[in-house]
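Below is one structure, written out as C-alpha coordinates; comments come after it.
The values are calculated or read from the model by the stated rules, or taken from the named source; none is laboratory data. Here the structure is a predicted model, which is why all the values come from computation and not from measurement. All Cβ positions, even for glycine, are placed from backbone atoms using ideal geometry, and neighbour counts span all protein chains on display.
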Amino acid sequence: MGNKHHRTVDRVAELLEAAVARPGASLTELARMVDAPVSSVQKLVDGLVAVGYLDESHRRYTLGPAPSVLSVRAGRPAVPVRPGVLGGLAERLGLPVQLAVRVGNDAVWVDWAGADEAFDYALSSQVRRPLVDTAAGRVLVAHLAAEARRAVVRAARPEDPAAALALLEDFERIRTTGCETGRSGRLVPDAVAVAVPVWSEGRVVAAVSVIDRTGALADRADDVATVLREAVGGVA
(Lines give C-alpha, C1' and ligand atoms only; values in the text may rest on other atoms or scores of the structure.)
Protein backbone atom coordinates (compact mmCIF):
# COMPACT_ATOMS: atom_id res chain seq x y z
CA MET A 1 0.00 0.00 0.00
CA GLY A 2 1.53 3.32 -1.06
CA ASN A 3 1.92 6.34 1.17
CA LYS A 4 -0.99 8.75 1.05
CA HIS A 5 -0.72 12.49 0.60
CA HIS A 6 -1.93 14.81 3.34
CA ARG A 7 -3.42 18.09 2.20
CA THR A 8 -1.77 20.27 4.87
CA VAL A 9 1.61 18.55 4.57
CA ASP A 10 1.50 18.95 0.80
CA ARG A 11 0.68 22.64 1.17
CA VAL A 12 3.53 23.20 3.64
CA ALA A 13 5.98 21.47 1.30
CA GLU A 14 4.74 23.59 -1.60
CA LEU A 15 5.23 26.79 0.42
CA LEU A 16 8.79 25.86 1.34
CA GLU A 17 9.59 25.01 -2.26
CA ALA A 18 8.01 28.29 -3.39
CA ALA A 19 10.14 30.25 -0.90
CA VAL A 20 13.24 28.61 -2.35
CA ALA A 21 12.15 29.17 -5.94
CA ARG A 22 11.36 32.85 -5.35
CA PRO A 23 13.30 34.22 -2.34
CA GLY A 24 11.69 37.35 -0.97
CA ALA A 25 8.21 36.52 -2.27
CA SER A 26 5.27 38.31 -0.69
CA LEU A 27 2.37 36.47 0.94
CA THR A 28 0.23 37.13 -2.14
CA GLU A 29 2.94 35.75 -4.42
CA LEU A 30 3.31 32.63 -2.28
CA ALA A 31 -0.46 32.09 -2.31
CA ARG A 32 -0.51 32.42 -6.09
CA MET A 33 2.40 29.99 -6.48
CA VAL A 34 0.65 27.29 -4.43
CA ASP A 35 -2.81 28.13 -5.84
CA ALA A 36 -4.40 28.75 -2.46
CA PRO A 37 -6.34 31.57 -0.75
CA VAL A 38 -4.19 34.17 0.96
CA SER A 39 -6.14 33.68 4.21
CA SER A 40 -5.25 29.99 4.49
CA VAL A 41 -1.65 30.54 3.38
CA GLN A 42 -1.21 33.29 6.01
CA LYS A 43 -1.82 30.84 8.87
CA LEU A 44 0.63 28.30 7.50
CA VAL A 45 3.27 30.93 6.76
CA ASP A 46 2.96 32.43 10.25
CA GLY A 47 3.46 28.97 11.74
CA LEU A 48 6.48 28.25 9.54
CA VAL A 49 8.07 31.57 10.55
CA ALA A 50 7.44 30.82 14.23
CA VAL A 51 9.37 27.55 14.07
CA GLY A 52 12.15 28.83 11.80
CA TYR A 53 11.31 27.17 8.50
CA LEU A 54 10.62 30.56 6.92
CA ASP A 55 12.10 33.98 7.65
CA GLU A 56 10.09 37.19 7.30
CA SER A 57 11.48 40.65 6.57
CA HIS A 58 9.30 43.57 5.49
CA ARG A 59 6.50 41.09 4.70
CA ARG A 60 8.75 39.17 2.35
CA TYR A 61 9.59 35.53 2.94
CA THR A 62 12.69 33.40 2.50
CA LEU A 63 13.68 29.93 3.64
CA GLY A 64 14.58 30.00 7.33
CA PRO A 65 17.42 28.29 9.19
CA ALA A 66 15.50 25.26 10.48
CA PRO A 67 16.13 23.05 7.41
CA SER A 68 19.86 23.69 7.79
CA VAL A 69 19.64 22.77 11.48
CA LEU A 70 18.13 19.42 10.55
CA SER A 71 20.91 18.83 8.04
CA VAL A 72 23.56 19.61 10.64
CA ARG A 73 21.95 17.36 13.23
CA ALA A 74 21.80 14.58 10.62
CA GLY A 75 25.51 14.92 9.92
CA ARG A 76 25.24 17.04 6.77
CA PRO A 77 26.33 20.48 8.02
CA ALA A 78 25.25 23.55 6.07
CA VAL A 79 26.96 26.01 8.43
CA PRO A 80 30.38 27.01 7.04
CA VAL A 81 32.52 25.54 9.82
CA ARG A 82 34.95 22.89 8.64
CA PRO A 83 34.75 19.38 10.14
CA GLY A 84 37.01 19.03 13.14
CA VAL A 85 37.25 22.75 13.87
CA LEU A 86 35.24 22.61 17.09
CA GLY A 87 37.24 19.66 18.38
CA GLY A 88 40.50 21.42 17.57
CA LEU A 89 39.35 24.56 19.37
CA ALA A 90 38.22 22.61 22.44
CA GLU A 91 41.58 20.86 22.62
CA ARG A 92 43.55 24.08 22.15
CA LEU A 93 41.55 26.09 24.68
CA GLY A 94 40.85 23.30 27.14
CA LEU A 95 37.18 24.26 27.28
CA PRO A 96 33.91 23.13 25.65
CA VAL A 97 33.08 24.79 22.33
CA GLN A 98 29.57 25.08 20.87
CA LEU A 99 28.05 26.06 17.52
CA ALA A 100 24.60 27.67 17.47
CA VAL A 101 22.20 28.98 14.84
CA ARG A 102 19.02 31.03 15.17
CA VAL A 103 15.64 29.37 14.75
CA GLY A 104 12.85 31.84 15.44
CA ASN A 105 13.51 33.37 18.85
CA ASP A 106 15.74 30.51 19.98
CA ALA A 107 19.41 29.65 19.72
CA VAL A 108 19.77 26.00 18.68
CA TRP A 109 22.99 24.12 19.43
CA VAL A 110 23.83 22.15 16.30
CA ASP A 111 27.29 20.88 17.28
CA TRP A 112 29.71 20.91 20.19
CA ALA A 113 33.03 19.45 21.34
CA GLY A 114 35.04 19.12 24.53
CA ALA A 115 32.04 18.73 26.84
CA ASP A 116 32.19 16.38 29.80
CA GLU A 117 29.49 13.74 30.18
CA ALA A 118 27.12 15.88 32.26
CA PHE A 119 27.46 18.87 29.94
CA ASP A 120 27.05 16.68 26.86
CA TYR A 121 23.86 15.19 28.31
CA ALA A 122 22.48 18.64 29.12
CA LEU A 123 23.19 19.90 25.62
CA SER A 124 21.67 16.82 24.00
CA SER A 125 18.46 17.20 25.99
CA GLN A 126 18.10 20.99 25.66
CA VAL A 127 19.37 22.04 22.24
CA ARG A 128 17.10 25.12 22.18
CA ARG A 129 17.48 28.15 24.42
CA PRO A 130 15.96 31.65 24.15
CA LEU A 131 18.29 33.84 22.08
CA VAL A 132 18.78 36.56 24.67
CA ASP A 133 19.63 34.07 27.44
CA THR A 134 22.94 32.89 25.94
CA ALA A 135 26.09 34.61 24.74
CA ALA A 136 25.88 32.91 21.34
CA GLY A 137 22.22 33.85 21.04
CA ARG A 138 22.94 37.50 21.80
CA VAL A 139 25.62 37.49 19.08
CA LEU A 140 23.06 36.14 16.63
CA VAL A 141 20.48 38.78 17.57
CA ALA A 142 23.01 41.60 17.46
CA HIS A 143 23.62 40.99 13.78
CA LEU A 144 19.98 40.81 12.71
CA ALA A 145 18.37 43.66 10.82
CA ALA A 146 17.05 46.36 13.17
CA GLU A 147 13.42 45.36 12.69
CA ALA A 148 14.14 41.72 13.53
CA ARG A 149 16.29 42.72 16.54
CA ARG A 150 13.47 44.77 18.00
CA ALA A 151 10.99 41.94 17.43
CA VAL A 152 13.20 39.54 19.41
CA VAL A 153 13.55 42.06 22.23
CA ARG A 154 9.81 42.70 22.36
CA ALA A 155 9.17 38.97 22.62
CA ALA A 156 11.83 38.50 25.31
CA ARG A 157 11.06 41.55 27.46
CA PRO A 158 7.44 42.48 26.65
CA GLU A 159 6.71 44.34 29.89
CA ASP A 160 10.11 45.74 30.86
CA PRO A 161 11.16 48.76 28.76
CA ALA A 162 14.35 49.29 30.79
CA ALA A 163 15.48 45.70 30.23
CA ALA A 164 14.61 45.98 26.54
CA LEU A 165 16.72 49.13 26.21
CA ALA A 166 19.61 47.44 28.01
CA LEU A 167 19.45 44.53 25.55
CA LEU A 168 19.52 46.86 22.55
CA GLU A 169 22.57 48.60 24.02
CA ASP A 170 24.21 45.20 24.52
CA PHE A 171 23.61 44.35 20.87
CA GLU A 172 25.22 47.60 19.74
CA ARG A 173 28.28 46.82 21.89
CA ILE A 174 28.49 43.30 20.43
CA ARG A 175 28.41 44.64 16.87
CA THR A 176 31.16 47.11 17.76
CA THR A 177 33.46 44.65 19.56
CA GLY A 178 32.68 41.61 17.41
CA CYS A 179 32.15 39.33 20.41
CA GLU A 180 30.14 38.76 23.57
CA THR A 181 31.43 37.76 26.97
CA GLY A 182 28.84 37.01 29.60
CA ARG A 183 26.40 34.57 31.12
CA SER A 184 25.83 31.39 29.15
CA GLY A 185 22.22 30.86 30.22
CA ARG A 186 20.24 28.55 32.47
CA LEU A 187 21.61 25.45 30.80
CA VAL A 188 24.95 25.94 32.57
CA PRO A 189 24.31 28.06 35.69
CA ASP A 190 27.11 30.39 36.82
CA ALA A 191 29.12 29.67 33.67
CA VAL A 192 30.66 32.36 31.47
CA ALA A 193 30.86 32.23 27.70
CA VAL A 194 32.80 33.98 24.96
CA ALA A 195 30.98 34.00 21.62
CA VAL A 196 31.76 35.35 18.14
CA PRO A 197 29.78 35.37 14.89
CA VAL A 198 30.29 33.03 11.97
CA TRP A 199 30.01 34.93 8.69
CA SER A 200 29.05 33.65 5.24
CA GLU A 201 28.56 35.81 2.16
CA GLY A 202 28.37 39.00 4.18
CA ARG A 203 25.92 37.89 6.85
CA VAL A 204 26.05 36.12 10.20
CA VAL A 205 24.75 32.55 9.88
CA ALA A 206 25.86 31.09 13.21
CA ALA A 207 27.77 31.78 16.41
CA VAL A 208 30.53 29.80 18.08
CA SER A 209 31.13 30.02 21.81
CA VAL A 210 33.44 28.73 24.52
CA ILE A 211 31.85 27.85 27.85
CA ASP A 212 33.77 28.08 31.15
CA ARG A 213 32.63 26.85 34.57
CA THR A 214 36.03 27.19 36.28
CA GLY A 215 36.90 30.88 36.03
CA ALA A 216 39.55 30.19 33.39
CA LEU A 217 38.15 32.84 31.02
CA ALA A 218 38.40 35.68 33.49
CA ASP A 219 41.80 36.92 32.28
CA ARG A 220 41.84 35.74 28.67
CA ALA A 221 38.44 36.46 27.14
CA ASP A 222 39.91 38.75 24.47
CA ASP A 223 42.52 36.17 23.48
CA VAL A 224 39.87 33.44 23.29
CA ALA A 225 37.69 35.63 21.07
CA THR A 226 40.63 36.15 18.72
CA VAL A 227 41.27 32.41 18.51
CA LEU A 228 37.61 31.77 17.73
CA ARG A 229 37.51 34.42 15.00
CA GLU A 230 40.61 33.06 13.35
CA ALA A 231 39.19 29.53 13.37
CA VAL A 232 35.65 30.18 12.10
CA GLY A 233 35.83 33.43 10.17
CA GLY A 234 34.29 35.62 12.85
CA VAL A 235 35.23 38.77 10.96
CA ALA A 236 33.31 39.76 7.85
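Descriptive notes on the structure:
- Test for V194: is it modelled with pLDDT of 90 or more, surrounded by 12 or more Cβ atoms within 10 Å (Cβ to Cβ) and of a type outside the set (S, T, N, Q): yes
- Of the helices (runs of 4 or more DSSP H) that lie entirely inside region 91-180, those containing 3 or more residues that are touching a strand residue (DSSP E or B) at 6+ places or on another chain (Cβ under 6 Å) and under 19 Å from A191 (Cβ atoms) span 135-142.
- On the stretch given as region 91-114, residues that are over 20 Å from the mean Cα position of the chain (by Cα) and either within 30 Å of D46 (Cα to Cα) or touching a residue at least 40 places away in the same chain (Cβ under 8 Å) (or both) total 4.
- Flag if G52 is closer than 26 Å to R128 by Cβ and without any contact (Cβ under 8 Å) to a residue 24 or more places away in the chain: no
- Single residue of region 197-236 satisfying the filter (acidic (D, E) and in a loop (DSSP other than H, G, I, E, B)) that is modelled with the lowest pLDDT: E201
- Screening P77, P83 for residues that are at pLDDT below 80 and over 18 Å from the mean Cα position of the chain (by Cα) leaves exactly one candidate, P83.
- Every residue from region 129-148 that is farther than 18 Å from V194 by Cα and either surrounded by fewer than 18 Cβ atoms within 10 Å (Cβ to Cβ) or of a type in the set (F, W, Y) (or both): A145, A146, E147, A148
- Residues (within 19 Å of A151 (Cβ to Cβ), of a type in the set (V, I, T) and at pLDDT below 90) located in region 1-54: V51
- Scanning region 110-128 for residues that are at pLDDT 85 or above and buried (at least 19 other Cβ atoms within 10 Å of the Cβ) yields W112, G114.
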